[in-house]
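See below for the structure under consideration.
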Amino acid sequence: MTKNKVSSLCEAVADIAYIAAKENYRTDDSRAMISQFIEWAYEFEYLHKRIEWGINSPIDYIESIHYFTIFKIQQWRNI
């Protein structure tokens, strides 16, 4: 994995964790929750692998990761 990809993945994990905290999203196992955020970040990166933020996307990165994280939280809260 290149340095840019690692940085992008780390940024996605941090943003997902931040958004989840603002939404008061919690699980019983904090380690499992962090693993879940990492999985979500990989999924987000995969879904947006061809996106060049600010160039070929109608919405920006912050909006996109926010919508993605809210969607994932809603999925997992209903389980």
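For the chain, what relative contact order do you get, as a whole percent, if you take Cα pairs closer than 8 Å and at least 6 residues apart? Let's see the in-between values first.
Details: 39 pairs, mean separation 30.7, N = 79.
Relative CO of the chain lands at 39 percent.
Please identify the GluC sites (Glu not before Pro) of region 1-77 that satisfy two criteria: DSSP loop assignment and at most 12 other Cβ atoms within 10 Å. Which are they? Mind showing how you got there, number by number?
Details: sites: GLU11, GLU23, GLU39, GLU43, GLU45, GLU52, GLU63; in loops: GLU23, GLU52.
In loop regions of region 1-77 (DSSP not H, G, I, E or B), the sparsely surrounded GluC sites (Glu not before Pro) are GLU52.
In µm²/s, what is D for region 7-79 at 25 °C and 0.890 mPa s, where D = kT/(6 pi eta Rh) by Stokes-Einstein and Rh is the Kirkwood radius from Cα pairs?
For the chosen part, D equals 194 µm²/s.
What trypsin sites (Lys or Arg not before Pro) in the chain are in a loop by DSSP, with at most 12 other Cβ atoms within 10 Å of the Cβ?
Sparse-neighbourhood loop trypsin sites (Lys or Arg not before Pro): ARG26, LYS49, ARG50.
What is the total of Lys pairs in the chain with C-alpha atoms under 25 Å apart, excluding same-chain pairs fewer than 8 positions apart? Display every interim value, and only then the final one.
On the way: LYS3/LYS49; LYS5/LYS49; LYS5/LYS72; LYS22/LYS72; LYS49/LYS72.
Going through the chain pair by pair, I get 5.
Positive end of the charge dipole of the chain (Lys, Arg +1 and Asp, Glu -1 on Cβ, about the Cα centre): tell me which of ILE38, ILE51, TYR25 has its Cα farthest that way.
Farthest towards the positive end: ILE38.
Suppose only helical runs count, i.e. DSSP H with n ≥ 4. What mean residue ellipticity at 222 nm does that imply for the chain under -39500 (n - 2.57) per run, divided by all residues and rounded to the nearest 500 deg cm²/dmol?
Counting only the DSSP helices, I get -23500 deg cm²/dmol.
No value in this document is a laboratory result; all are computed from the given coordinates. Just so it is clear, the structure is predicted and the values come from calculations on it, not from any experiment. Note that each Cβ is placed from the backbone with ideal geometry, even for glycine, and that neighbours are counted across all protein chains shown.
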